[in-house]
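Below is one structure; the comments refer to it alone.
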Amino acid sequence: MEVLVAISIGAMTASGIYLMLRLRTFTVVLGLSMLTYAVNVFLFASGRLVTGAPPILGSLDTLSDPLPQALVLTAIVISFGMTALVVMLALSAYLNAGTDEIDIEKPGEQPETGG
Amino acid sequence: MSLALIAALPFIGALFPGLMIRAGRNVCASITLSATALALIGLLMNAPAVFLRGETILESYEWLPQIGLNVNFMLDGLGFLFALMILGIGLLIIIYARFYLAGSDPMGNFYTYLLLFQGAMVGIVLSDNILLLLIFWELTSLSSFLLIGYWKHLPDGRQGARMALTVTGMGGLAMIGGMLILGQIAGSYDIHVILQNGDAIRESELYLPALILILLGAFTKSAQFPFHFWLPHAMAAPTPVSAYLHSATMVKAGLFLMARMWPALSGTPEWFWIVSVAGLITMVLGAVIALFKDDLKALLAFSTVSHLGLITLLLGLGTEYAAYAAVFHIINHATFKAALFMTAGIVDHEAHTRNIRLLGGLRRLMPITFTIGTIAALSMAGIPLFNGFLSKEMMLQAAEETGLWFAVIATIGAIFSVAYSFRFIVHTFLGPVRDDYPHRPHDPGFGMWVSPAILCVLVVVIGLFPAQTVGGFVDVVASAVVGNYVHEHLAIWHGVTPALIMSIIAVGVGIVVLAFQRGLAPVWDKAPRPEAKAMFDALVSRAAKGANELTDALHDGAISRYLGILTVVILGYAVWAFVSGTHVPGTRELLPIGPVEMVFFAVLITCSLGVVLMHRMRFVALIVISICGLVVAMSFVRFSAPDLALTQLTVEVATIILLLLALNYMPKETPVGTTFPRRVRDVVIALVTGGAVGGLAYALLTRSPSLPTISDYHVANSYTGGGGNNVVNVILVDFRGFDTMGEIIVLGIAALVIFAIVEAALQGPASRRLRNWVPDMPQSRDRHPLMMVVVTRMTLPIALIVGIYIFLRGHNEPGGGFISGLVVAIALLMQYMASGFAFSTERQRVAYHGMISAGVLIAVLSGLASVVLGWNFLTSTNEYLYIPGLERIHLASAVSFDLGVFLTVVGAVMLALASLSRIGLRAGEGVNLTPMDVDPSADHSRTEMRADRQKEN
């Protein structure tokens, strides 16, 4: 099972990195989302994989590691905030500049100012 | 009073004037005055201990003991003198400024800056820790920047402030280095320890670098040659600032430091030559330039430079007698120079000019100002019966004892000093009354002349009875400087000494020089000389250009390049770490692979690949990526993380809706923008990185943790300490509640930033683009379909109850504030999607901003509640709650914290999506106040209130 999870993390990372290196904002946002999945699963996996042992006190003897879960839970919510922010930036940049390219020609200059 | 409180009072006082200016200028001035007066009283309360019992008061509080930085204060004679000057003259300046500043000047800001500066200065002179001293030192640079640049509308003010900050700031940086070396040599950063280790410091091989670096700080602050050029440019400040900074405080800080470090650093040939020569040059140069300045304040500025040089010279000579004279002259200079600056300010205020060439004859028009100015200027010239005479005699005496050349050059300095002092009197006040003043001057009100008048009384009283008034005081201060008891008999008449002869020469020749001043001025003006401001500006602009070029080269606007470099560098480090480390094979027992897992794995890999292959079709890519998210959620279910699975599912829904809505206004296709080799390169980067991360994950998963985890503690204490069975939730709201609080604050900020971005986008070019926006995809005729409206309306109460249920059970079962917040947010979101923005907003009772702030506030308050009860921040307790008819509810106090989380999450998600809806509104989407476009049960024409292309507001 571990090998499948590891390959999945690797695949999502590779996909995220490739999309992140594209030149359009929306694609970069998609890449970041993909990378977020990979990172979250990776962090979660640092608690090692355990099946059938949710970290709820009670009948079970062994529990999965709760700490990475708590950290990843907030990470998921924060990454929602991040994705929302980045996509709004992308949208507003597109509406302002009329293009959604992420690279600008010269430092400090917009490719196109005005309508 | 505690020394820490004395130093803190100005800072505390600084909070008020800037905020309370609406209460009026007199209130502001009174508060400023009270803060200063309180600090002064506190200081005076310590006077008996320092002066009668001869104690050195030490006070210490730990701050960062690991690096030797502690809040240690020390009060001895030297610190007392300086604190007295800073606070005492500060009082007079506050009164003077109240009447000096014009109606259009923001007085609240002025007093706040002044108090900040005052606090920093008091901090310097009371510090017993050199690191603490450095902090206050930098604070004086910053706050004096605000004061000098107070008149922001004047370019001179801004440039002068910038130059002062640059020069003194650079000096401060050098001094940090010097002080650290000094502390290393002495083995302590406490000044009283350093002062006792003078011999060890002087013998150290690091003595010279430390000395040079510290002197750089002192010389830049005290405007010693060759750093004297910033001081005259700082004269663009309002006169009260000049009077304060350049008589008693800022420029004296450098002198204070040299006096403070005198026992540790002086007494070597290096100290003697560097300090005394710099002082000598500064003294003569300042005096000569001052004579030829037509601006009263510039004249005073260069005279200040000259007098600072004089004191530096005395400190540099290294004898106890000279140090004694230095202390005495510091007192005298502060009194007469503050009075002179205020006189110049009065003249400027009344005659509307400070140009000496336009003045003259003011004696008859402004008799009070004339009297004050004359007394102070005569003291500056060193005329008997005034205090300046006494210390100047001592300086000449000390120079004469040092050597012939010192005596000659000091006399030359004294000649010019006499000349410019007399010029100040003669060309401003004497001569015939003119009829071409820019404004007919007369004496100002009592409030403006009282401060310099008080100083003039001091000038005369000290001048007449030095031994009786300040003799004992100077003894104590000078003893503190040199480190052992010294006493000099201060008197007007010592008999015919070489110093007296030099003084007589100075006065005689000085008057002759003044007689020729008008003739010499054109020659002086034409004489070539290095222009410090031009050199400084050239240096600064060259540095700025270099910085710009470097930044442009590194930061060329190609974000994809930065991201690529970032990835490759991280990868490089990872490979390096892997290659240089040692590895043991994984021994952890692996889980078996079942058919279900194989299916999900295949879906995930397909989708990861698919999103790359299909990313040009953005809608498709979105769908595919959401499948990845769902598989991730499923894997959380499989690997025993129900909370994560719920969160991932709900977040996935919210994210995809948001991206879909945003995509509506963006291009739907991505054109091919890169060349084939570049794509190959990116594929290689992505594959190598993915492989590395995957490999790392595999290595991690196949090995058990080598160290015991802290999770065992969490599990063991979850129920007993946190009152909950769901360990994940207890960690979130209890064990690591502080982290969670930070997270929800970040989330709230992100939502507010989104709101602000949209607010900004609705102005300017984006708004024009939106108004002309034409849908690039087929639009449904029925935007609010009956089925969806009915279903979402029916789901809403159910969803809300589910939300409450998940929230309440969260402490013991999977759930909690985050998840229920998302569930409720999605339920509300569905209303927006079904019936539109206007319909939903009209029914919204609470603003989302308010919800976010309420959430954060509740979370913080529930944390503070435990502090009030005497526990640590965010400690929780728990209780069972019995409500008739319901199961018993296990309620932990952390539930209120969780409520804060819940509210913030709902508010943040909703604010982000509502912001998007506003973009849609601007793009001309119709506004409907009814739930549906077509209401099958009613008359068609009445229900349809659609106002096409109606704009917001």
Subject >> Residues B:Lys252, B:Lys526, B:Lys533, sorted so that the one with the fewest Cβ neighbours within 10 Å comes first >> reply: B:Lys526, B:Lys533, B:Lys252
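Hey, can you rank B:127-133, B:758-764 by average C-beta count inside 10 Å, highest first?
Numbers: B:127-133: 24.7, B:758-764: 16.6.
Going by the mean number of other Cβ atoms within 10 Å, highest first, we get B:127-133, B:758-764.
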Subject >> Rg [Å, one decimal], Dmax [Å, integer] - the stretch B:1-73, C-alpha atoms >> reply: 15.9, 46
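Stick to Cα atoms and the Kirkwood definition of Rh, then tell me Rg/Rh for chain B. Walk me through the numbers before you get to the answer.
On the way: Rg = 37.7 Å, Rh = 34.3 Å.
Radius of gyration relative to Kirkwood radius: 1.10.
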Original post:
How high is the relative contact order of chain B, in percent, counting Cα pairs under 8 Å that sit 6 or more residues apart?
Top reply: 7 percent
Original post:
lysines near B:Lys545 by alpha-carbon distance under 24 Å, same-chain residues fewer than 8 away left out - which ones?
Top reply: A:Lys106, B:Lys533
Original post:
Using θ = phi - 60° and the Karplus curve 6.51 cos²θ - 1.76 cosθ + 1.60, what whole-Hz ³J(HN,Hα) does each residue of the stretch B:700-713 get, with Gly and Pro shown as x?
Top reply: 5, 6, 8, 10, 7, x, 7, 10, x, 8, 7, 4, 4, 4
**OP:** Using amide H atoms built 1.01 Å from N in the peptide plane, name the residues 5+ places from B:Ser127, or on other chains, whose amide H lies under 5 Å from its own.
**Re:** B:Met74
Original post:
Once phi is turned into θ = phi - 60°, what whole-Hz ³J(HN,Hα) does the Karplus curve with 6.51, -1.76 and 1.60 give for every residue of the stretch B:900-917, x standing for Gly and Pro?
Top reply: x, 4, 4, 5, 5, 5, 4, x, 5, 4, 5, 5, 4, 6, 5, 5, 4, 4
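Filter the chymotrypsin sites (Phe, Trp or Tyr not before Pro) in the stretch B:689-761 to those in DSSP coil with at most 10 other Cβ atoms within 10 Å of their Cβ, and list the result.
Values: sites: B:Tyr698, B:Tyr713, B:Tyr719, B:Phe735, B:Phe738, B:Phe755; in loops: none.
Filter output for the stretch B:689-761: empty list.
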Subject >> Cβ-defined net charge surrounding B:Arg618, 14 Å radius [Lys, Arg +1; Asp, Glu -1] >> reply: +1
Original post:
How much net charge surrounds B:Leu296 when only other residues with a Cβ under 14 Å from its Cβ are counted (Lys, Arg +1; Asp, Glu -1)?
Top reply: +2
Original post:
Per residue of B:270-276, what is the mean number of Cβ atoms on other protein chains within 10 angstrom of that residue's Cβ?
Top reply: 0
Subject >> Proximal lysines relative to B:Lys337, as straight alpha-carbon distance under 19 Å, when same-chain residues fewer than 8 apart are discounted >> reply: B:Lys221, B:Lys252, B:Lys293, B:Lys297, B:Lys392
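The stretch B:1-62: which trypsin sites (Lys or Arg not before Pro) are DSSP loop and have at most 16 other beta-carbon atoms within 10 angstrom?
On the way: sites: B:Arg22, B:Arg25, B:Arg53; in loops: B:Arg53.
Filter output for the stretch B:1-62: B:Arg53.
Per-residue ellipticity at 222 nm for the protein assembly as shown, helices alone: DSSP H runs ≥ 4 residues times -39500 (n - 2.57), over residue total, nearest 500 deg cm²/dmol?
Counting only the DSSP helices, I get -23000 deg cm²/dmol.
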**OP:** Compute the Rg/Rh shape ratio of the stretch B:756-800: radius of gyration over Kirkwood radius, all on alpha-carbon atoms.
**Re:** 1.22
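Find the eigenvalues of the gyration tensor of the Cα atoms of the protein assembly as shown, then list the square roots of 5 times those eigenvalues as equivalent ellipsoid semi-axes, largest first, in whole angstrom. Don't skip to the answer; put the middle values down first.
Numbers: eigenvalues 1013, 235, 173 Å².
Values for the protein assembly as shown, descending: 71, 34, 29 Å.
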Subject >> Using alpha-carbon coordinates, inclination of helix B:737-761 to the longest axis of chain B, degrees >> reply: 90 degrees
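No lab work stands behind these numbers, since they all come straight from the coordinates. Fair warning: this is a prediction, and the values are worked out from it, not measured in the lab. A quick note on method: Cβ atoms are made from the backbone with ideal geometry, for glycine too, and the neighbour counts reach across all protein chains shown.
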